[in-house]
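Here's the structure we're looking at; comments come further down.
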Amino acid sequence: EGVRGDGFPFWNNLTRHEPVRIAVTMPITSRGDVRGGVEGMRLFKSFLPSFLRTSFPTAFPCVFEFWVAYDLGDSLLDSPQGKAAFEQFFFDRTRSINHGALSCGNHSASCISLKMRRFNNAHTLTALWNGLNEEAYQRGAHYFFMPNDDLLLITPHWPAVFMEILAGSPVFPNLGVTGPMDAVSGRGDMPSMPFIHRTHLDIFGGQTLPISFQNWYNDIWLGNVYRPFLACSMARSVRALNHDGCVDADACSRYSLGQGAFAPWREETLEGRARVIEWLRSPVAAVQLHTHTRTHTHTHTHT
């Protein structure tokens, strides 16, 4: 639909005139990065520099809320000194963006924030993402991007592309999952680095992923759940590279498949689809659709 007069890239019934809040939720580990201290962590070598290059400036008001999870006992992060060093290095790297009034739509809030959370004995990516997303959801985040810490973002202005895809979901506005094209570990038909709207957590009671999963295949579950609703959509114009500097995703992963190999894949997928259908038929969905339609029509008339 193009950019509206107030800068938003789509008719957003949820945020209206407040900044769009995008939670970047990311489990991290110092495993394999200990020698370089926090400065040598893959987040700071790969994801964050590419994020800063490709995300700003935005044409619409937005805030990127980084939610970072680490495990109890992490050799670098699980100490007051290590946590403080990580936070300081993060803020040093993002200071220029946060001090630029026009970087993220010229609003009064900072463009980037950081929250770190320690999880006791979680030791699975699924548990960490579920915990981070649920807290961000309870705090009011609108969107959730779930990248790896060594993802390299290549294409600029990806947030608007992702949001436009979800807003145009054919069955229900903001239903489904999207994400970038990933040449290393991704598939051509479903996103390996999911980007979802809070509608997904509305449907699943604040939970993002099945607890029977552990470290791998969460993205495949998301794609398979939404595929029958035409709501698993690749952002084919957005390129990214997982495991930056690596060509063999299996060899470069720092997380093992574990007992997730024995998860009830078929049952979880069918249960997920049933939950979506139940929600679409609910009064809550009807109210949201009415609000979206009314706001879209009202804004269309006055722009």
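What residue, among those in region 106-164 that are hydroxyl-bearing (S, T, Y), out of contact with any helix residue (DSSP H, G or I) (no Cβ under 6 Å at 6 or more places or on another chain) and over 16 Å from M193 (Cα atoms), is most open to solvent (accessible area, probe 1.4 Å)?
The selected residue is S108.
Just name the residue that is least open to solvent (accessible area, probe 1.4 Å) out of those in region 86-98 that are over 17 Å from A23 (Cβ atoms) and modelled with pLDDT of 90 or more.
That would be F86.
I'd like to check something: does region 167-180 contain any residue that is outside any loop (DSSP other than H, G, I, E, B), among the hydrophobic types (A, V, I, L, M, F, W, C), farther than 17 Å from T269 by Cβ and open to solvent by 10 Å² or more (accessible area, probe 1.4 Å)?
For region 167-180, residues outside any loop (DSSP other than H, G, I, E, B), among the hydrophobic types (A, V, I, L, M, F, W, C), farther than 17 Å from T269 by Cβ and open to solvent by 10 Å² or more (accessible area, probe 1.4 Å): present.
Residue-wise test of (1) among the small types (G, A, S); (2) within 17 Å of I22 (Cα to Cα).
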site	(1), (2)
G82	yes, no
I112	no, yes
N133	no, yes
D149	no, yes
F162	no, yes
F172	no, no
L175	no, yes
G179	yes, yes
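Considering region 43-85 alone, what residues qualify as being within 22 Å of A240 (Cα to Cα), touching a Gly at 6+ places or on another chain (Cβ under 9 Å) and open to solvent by 60 Å² or more (accessible area, probe 1.4 Å)?
The answer is K45, P57, A59.
Can you confirm whether region 212-230 contains a residue that is without any contact (Cβ under 8 Å) to a residue 24 or more places away in the chain, surrounded by fewer than 22 Cβ atoms within 10 Å (Cβ to Cβ) and farther than 16 Å from M146 by Cα?
no
Does G186 meet the test of being closer than 21 Å to M163 by Cα, modelled with pLDDT under 80 and in a loop (DSSP other than H, G, I, E, B)?
It is true that G186 is closer than 21 Å to M163 by Cα, modelled with pLDDT under 80 and in a loop (DSSP other than H, G, I, E, B).
I'd like the full set of residues that are hydroxyl-bearing (S, T, Y) and under 16 Å from T29 (Cα atoms), limited to region 79-100.
Correct list: S79 only.
Taking the condition of being modelled with pLDDT of 85 or more, in contact with a strand residue (DSSP E or B) (Cβ under 7 Å, 6 or more places away or on another chain) and in a loop (DSSP other than H, G, I, E, B), how many residues in region 111-140 meet it?
The total comes to 2.
Tell me whether region 67-85 contains one or more residues that are of a type in the set (F, W, Y), at pLDDT 95 or above and in contact with a Ser or Thr (Cβ under 6 Å, 6 or more places away or on another chain).
Yes: region 67-85 contains one or more residues that are of a type in the set (F, W, Y), at pLDDT 95 or above and in contact with a Ser or Thr (Cβ under 6 Å, 6 or more places away or on another chain).
The values are calculated or read from the model by the stated rules, or taken from the named source; none is laboratory data. Model, not experiment: these values are computed from the prediction. Neighbour counts run over all protein chains shown; Cβ positions are idealised from the backbone, glycine included. The accessibility values were calculated without ligands, DNA or RNA, using every heavy atom of the protein model including side chains. Shrake-Rupley method; radii C 1.70, N 1.55, O 1.52, S 1.80 Å.
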